[in-house]
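*Asks:* The following block contains the structure, expressed as C-alpha cells.
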Amino acid sequence: MLPIVIKYFYFLGGFDNENVFVNIRDKYMANNVIWHKKNNPSAKIIVWIANFHGAKQIQKVVYKEDNRDLYKGFKLFTEYLLEAFPDKIYSIAFTSSIGEVKGIVQGSEPFSITTKVNSLEYYLDKQNTPFGYLDFNEIKVKKPFFEEKSFDAMILGYDTKPGQWLNVFDGVFYIKTNEPLKMAEYQVW
C-alpha cells in the first residue's frame with residue numbers, strides 16, 4: 001500500500017487539490033441524483049456509496065493525520081442532496097471491528113483492521129454479535145445530550161477518528177468481520 005503522503009501528492013498534488021477534486025466530483029454525482037428525483041418525483045432512490053461520500057456533515061469529524069482540519073474544506077455528495085431535499089435523506093454507514101480491508105489505490109494489498117480501545121467498533125465487538133444496526137437518530141431523540149458528543153470510530157477509512165458521529169450519519173450498520181472485495185480476473189479486449 002502506498003504511504004498516504006505519496007498517494008495524495010503523486011496522484012492529486014496534495015490535500016488541497018484533493019478537496020477541489022472531491023468537491024467537484026461529488027457535486028456532479030449529486031446533480032445526477034437531484035435531476036433524476038426532480039424528473040421522477042415519486043421515485044424512491046437508494047445510492048450505494050462509500051461512507052466518506054455519504055457523510056452529512058464531514059466537518060464534524062477530526063482528520064487524524066497532519067491536517068486535523070482537512071475535512072472542513074470538503075462538501076460531499078450527501079451534503080448537496082440535503083440542500084435539495086432537506087427532510088428526505090437518510091444516510092447509513094458501514095463499519096467492522098475485525099477482518100481485512102483494501103486501500104483505495106488499485107492493486108493495494110489488504111491490511112488487518114485494528115480496533116482501538118474505547119472506539120465505537122470496540123464496544124460493538126464486545127457485544128459478540130456478527131451483525132447489528134445503531135439508529136443514531138433514535139439515540140438523539142432518547143438522549144439529546146449525546147448529539148454533540150464526540151467519540152472515536154473507524155467509520156471513515158478504518159483508522160480511528162474522533163467526531164460527532166451522530167450528526168455525520170443517521171445510523172451505522174455493523175458487520176463484525178469485514179472481508180475485502182475480491183476482484184474477479186478479467187480480460188481486456
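FYI, it's all coordinate maths here, none of it is from the lab. These figures come from a predicted structure and were not determined experimentally.
*Asks:* What percent does the relative contact order of the range 30-146 come to when contacts are Cα pairs within less than 8 Å and at least six residues apart?
*Replies:* With pairs under 8 Å counted, the relative contact order is 17 percent.
*Asks:* Here are some pairs, Lys88/Lys140; Lys116/Lys142; Lys38/Lys88; Lys37/Lys161; Lys64/Lys149; Lys102/Lys149; which of them have Cα atoms lying more than 24 Å apart in this structure?
*Replies:* In this structure, Lys116/Lys142; Lys37/Lys161; Lys102/Lys149 lie more than 24 Å apart at Cα.
*Asks:* Here's another thing I want to ask about it. Where Rh denotes the Kirkwood radius from the mean inverse Cα pair distance, what is Rg over Rh for the range 62-122?
*Replies:* Ratio value, two decimals: 1.05.
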